[in-house]
Amino acid sequence: MTTYKDVFGARTPLDGVAGTIYYYRLAALTERGVQGLERLPFTVKILLENLLRHAGDELVTEDDVLALAAWQPGTASSSEAEYPFLPGRVLLQDFTGVPAVADLAAMRSAVARLNGDPQKINPLVPADLVIDHSVQVDSFGSTLAFARNVEREYERNSERYGLLRWGQQAFHNFRVVPPGTGIVHQVNLEYLASVVMTRDDAGETVAYPDSLVGTDSHTTMINGLGVLGWGVGGIEAEAVLLGQALYLLTPEVIGVRLTGKLPEGATATDLVLTVTQILRKRGVVSKFVEFTGPGLSQLGLADRATISNMSPEFGATATLFPVDEITLRYLRDTGRDPELINLVERYTKAQGLFRTDDQPEPRFDDLLELDLSTIEPSLAGPRRPQDRVPMSALSQTFRSAYADRFTLVETGTGAATAVAEKPATTMVDLGGVQTHLTNGSVAIAAITSCTNTSNPSVMIAAGLVAKRAVERGLSVNPAVKTSLAPGSRAVMDYLENAELVPYLEALRFHLVGFGCTTCIGNSGPLAEPIAEAVQDNDLIVAAVLSGNRNFEGRIHPQVRASFLASPPLVVAYALAGTVDIDLTTDPIGTDANGDKVYLRDIWPSQEEVRELVEKAVTPAVFSKNYAHVFEGDEHWQALSNSTGPLFDWDPNSTYIQEPPFFKDITPEPAPLHDIQAARVLVMVDDSITTDHISPAGSFAEKSPAGQYLVEHGVARRDFNTYGARRGNHEVMIRGTFGNIRLRNRLVEGKEGFYTRHLPDEAETTIYDASMQYQQDGVPLIVLAGKEYGSGSSRDWAAKGPLLLGIRAAIAESFERIHRSNLVGMGILPLQFLPGQSKDTLGLTGRETYDILGIEQGLKPRQEITVNVTREDGSTFSFQTIARLDGAIDVIYYENGGILPTVLRRLLQA
């Protein structure tokens, strides 16, 4: 690793800490004429320190430092400057981590085949992988649920976990947090993040801001702790692991000034859903968001983290809350080392990275205002996290979203109301217990996900709602699949300290696992009678979950409506049994005396929650749970543990196969050519997510992926999920564009993994069409609308299309991470000119396309001509913008992606 230089004379001893620790003082830049450092956004200061510390090495020049130090509001959009950024560490979870480790193992195999040293492929920056995405809610509603789900998790995933155990011994700087510990972002928040890092540099200790990138879009959660970090694709993360810099354009920073404080009845979840709606409307894609204002002092650290977590939902790169007294308090409350806390305080104050209410406010590119007192109880859905719904409007929203199930009836007052078109109730027998289902019935109620289970205030509030409901004699409809999946083991300890676990269990919110369950699509099956009733009666049933994602087809294939809500509201809607209700006015149930019970009757006050949090959430809880965090349980210890520098690929494995991306790599890239006579494989509209492109959840036996597993002798019960199968490209290529709710306009009126093979118009699966096109030597493209690739930072949403033969994607706009992933896999992202789209240009998807100008050499954001030949032989052309946003993107594209670029560089070293 490169030794730090000190070209600006900025290296200075830090006062007040144990031993001699140096830091790179930003104020030293004033000696080079830089003014106004104190008014820079904290986000810019952290990026500037990264440049200052690396100045003079092969990546960072003095001019880079001075250019960013001169940052001014309003200049980012006109600047073409690129800045290298070298994060301090990398964070992975197992869905994205398994293919990343498989890629690194494949790179080692490729180097060995080229007679190189495979151990050149080794993480050069620290990396932690937390296994949290693989536990499924197979068992629930019982004290045995947790143990049964753990057993089933290891049955399904032992091959994947074996790869990770191999990586643990094969790679340096690589740690694995075993299953059953918690969700990656909560483990990061509660334990892994240090706020200030140190490293040895030529025998001296240097301190600098903790920073990271992660292979999960919700890596942004750590910004609530004052740590700058964001999600990237696994492809980019692997490059960072191997010592490559990320290249950032001049940052555009949007400030949000908070005033006031949350009113009674409102939670941090309600706040974050409001912020998500506001910022998505403002437009912050690829921008940084930073919070400021006196209202910050009213927000606890966990509340801040809840907001930062949702950055992908409003499209921001990251959402920073600067370090302040509340940050230090959280470090103490979670049992961090006192010496570390002292270092954090001393360093951030000396560096000008410590926020107080009375210091001058940073200057931002734009500044939004939000009064916390205006926040009201809310949910989001039924299909997108940015679609906030006031609790009072939930029933109306549900009925409007599924208007075909309702009809308008005159009320006699000149208005109309929506009533059920088929009011008959479907009765269901659950082991002798009769219950009913109808449109709007809650089928899943899940306290889950990193967003909210990291937050003691909403978790304690959920327990208090359960306690009061039980005391009033309320119960949950047996048709509701309930689950409690805390983000870390610490949560169960403080719920037990608060004596709330028995009440949650009385409502069947039993512990089902420590991991990302329902929110990632690992909700497990519905009870068979429920599933049959939904299917046979074509019901629109709902999920209510404390998650951050509710895209179509994500939560459960039979649950069409999904609403995000705070944990106490999850309990409330489980009690109500329906989303077709207004809990501000309608009773939630009836008590043992026949009296109506309203939500307000069982809702705790903020003071009650605060007092119980202070009593139950102690530093000892966190110290105990993280004392042996890397050891794992008896299941982990019993896994076979292969050794050696090269992974032993098993050709019979249906979980782990050597990915094909490096098998035929050459020392030099092949020359680029224009894309000629391409066909459209998929034509889609706005807001196509990475879940549409590469689903994470379960899949059907009739799907191409299901058929592949059947042919390889895998029983239906052992299919697992797409997310767990990401180490096998044969499954993943068949699952690309495999979402059951995908609407491909080449097959109008049909949902799922279908397309037409052209020009013969044969309707077939996307996979089968792709194989035929590739056999015939026909390149493929995707046509899309706005926000193509929104959602999770899913590298298989770019890897899968590449293996399908897709060479370019033409869209009105791209989500940040997905655009980068496409470039990272050598797929050309092309953007329609403003005001143009596939519809304004009259494209049907049945044309052939020539994409010209590639072989002459590309420049960042140059215009590219697309020639179109219609079915009748007529032609026309239109211009697009090549979304190769910087010089490094061009290099990656010319090499066929990031990883071939890195591998070639390492071979030449």
Please find, within the range 29-55, the residue that is farthest from residue 288 (Cα to Cα) out of those that are among the small types (Gly, Ala, Ser) and surrounded by fewer than 17 Cβ atoms within 10 Å (Cβ to Cβ).
33
Is it true that residue 105 is under 30 Å from residue 165 (Cβ atoms), touching a residue at least 40 places away in the same chain (Cβ under 8 Å) and either surrounded by fewer than 17 Cβ atoms within 10 Å (Cβ to Cβ) or within 33 Å of the chain's Cα centre (by Cα) (or both)?
yes
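Matching residues to (1) farther than 24 Å from residue 344 by Cβ; (2) of a type outside the set (Ser, Thr, Tyr):
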site	(1), (2)
5	yes, yes
16	no, yes
77	yes, no
80	yes, yes
102	yes, yes
Conditions (1) part of a helix (DSSP H, G or I); (2) among the charged types (D, E, K, R); (3) more than 18 Å from residue 233 (Cα to Cα): number failed by residue 138
(1)
Is it the case that some residue within the range 301-310 is of a type in the set (Gly, Ala, Ser) and farther than 16 Å from residue 370 by Cα?
yes
Complete set of residues in the range 541-574 that are in contact with a Leu (Cβ under 9 Å, 6 or more places away or on another chain) and farther than 21 Å from residue 376 by Cα:
541, 552, 553, 555, 556, 558, 559, 560
In the range 651-673, is there at least one residue being among the acidic types (Asp, Glu), over 30 Å from residue 891 (Cα atoms) and at pLDDT 90 or above?
no
Take residue 839 and decide whether it is assigned by TED's automatic domain parsing to the domain that holds residue 790, part of a strand (DSSP E or B) and within 18 Å of residue 877 (Cβ to Cβ).
no
Residue hits (the range 514-532; more than 17 Å from the chain's Cα centre (by Cα) and more than 23 Å from residue 430 (Cβ to Cβ)) are 514
The condition from (1) among the aliphatic types (A, V, I, L, M); (2) surrounded by 15 or more Cβ atoms within 10 Å (Cβ to Cβ); (3) modelled with pLDDT of 95 or more that residue 620 misses is numbered (2)
What strands (runs of 3 or more DSSP E) lie completely within the range 193-304 and have 1 or more residues being buried (at least 20 other Cβ atoms within 10 Å of the Cβ) and modelled with pLDDT of 95 or more?
196-201, 204-209, 211-214, 228-231, 253-259, 288-292
Residue among 428, 470, 419 that is β-branched (Val, Ile, Thr), surrounded by fewer than 24 Cβ atoms within 10 Å (Cβ to Cβ) and modelled with pLDDT of 95 or more
470
Over the range 687-723, the set of residues out of contact with any helix residue (DSSP H, G or I) (no Cβ under 6 Å at 6 or more places or on another chain) and not in a loop (DSSP other than H, G, I, E, B) is 689, 691, 692, 706, 707, 709, 710, 711, 716, 717, 718
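The values are calculated or read from the model by the stated rules, or taken from the named source; none is laboratory data. Computed from a predicted structure; not experimentally measured. Heads up, the Cβs are rebuilt from the backbone with ideal geometry, glycines too, and the neighbour counts pull from every protein chain shown.
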